[in-house]
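Quick notes on the structure that follows.
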Amino acid sequence: MLLLPATITMRESRDALRMLSQALQAEKEGEVIVDASPLQQFDTSALAVLLECRRLAQAFGRPFSVRHAPAKLAALATLYGVDELLITPPAPASA
């Protein structure tokens, strides 16, 4: 599982992408799961980073998902029409 940093804005996006792509390449098998729960401060650059990670995962033939996305990130993804590509909805609570 890959962890997002606490901040991904235009300033941090290049470093965040480099870190995530290195981690993605180090894990050779299985689904690429990104845990977005640490993310606290972000802009649309975070979506660009996640879309590039998704592209890399697909290039390696691996499924990709983002889990525990903050509500504001999910709303931003919906606004830009990429929510279905990136955001995994939370599992329904069992009764």
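The values are calculated or read from the model by the stated rules, or taken from the named source; none is laboratory data. Note that the structure is predicted; figures quoted are calculated from it, not measured. When we count neighbours, we look across all protein chains shown, and the Cβ atoms used for this are built from the backbone with ideal geometry, even at glycine.
A few points about this structure:
- For region 67-81, a residue qualifies if it is among the small types (Gly, Ala, Ser) and more than 11 Å from the chain's Cα centre (by Cα), and the qualifying residues are Ala71, Ala75, Gly81.
- Subset of region 1-51 that is in contact with a strand residue (DSSP E or B) (Cβ under 8 Å, 6 or more places away or on another chain) and part of a helix (DSSP H, G or I) - its residue that is surrounded by the most Cβ atoms within 10 Å (Cβ to Cβ): Ala46
- Condition met for Arg62 (assigned to a helix (DSSP H, G or I) and over 13 Å from the mean Cα position of the chain (by Cα)): no
- Test: residue in region 50-62 that is among the small types (Gly, Ala, Ser) and closer than 13 Å to Leu85 by Cα: yes
- Selection status of Ser21, polar (S, T, N, Q) and modelled with pLDDT under 95: yes
- Filter result for Leu56 (of a type outside the set (S, T, N, Q) and in a helix (DSSP H, G or I)): yes
- Scan region 15-35 for residues that are touching a Ser or Thr at 6+ places or on another chain (Cβ under 9 Å) and of a type outside the set (A, V, I, L, M) and the total you get is 1.
- Only one entry of Ala69, Ala74 meets the criterion of being surrounded by 15 or more Cβ atoms within 10 Å (Cβ to Cβ), more than 23 Å from Arg14 (Cβ to Cβ) and either among the small types (Gly, Ala, Ser) or in contact (Cβ under 8 Å) with a residue 12 or more places away in the chain (or both), and that entry is Ala74.
- Odd one out for Pro63, checked against (1) of a type outside the set (A, V, I, L, M, F, W, C); (2) exposed (fewer than 11 other Cβ atoms within 10 Å of the Cβ); (3) over 20 Å from Ile8 (Cβ atoms): (2)
- Residue within region 32-52 that is of a type in the set (D, E, K, R) and either in contact with a His (Cβ under 7 Å, 6 or more places away or on another chain) or modelled with pLDDT under 95 (or both) present: yes
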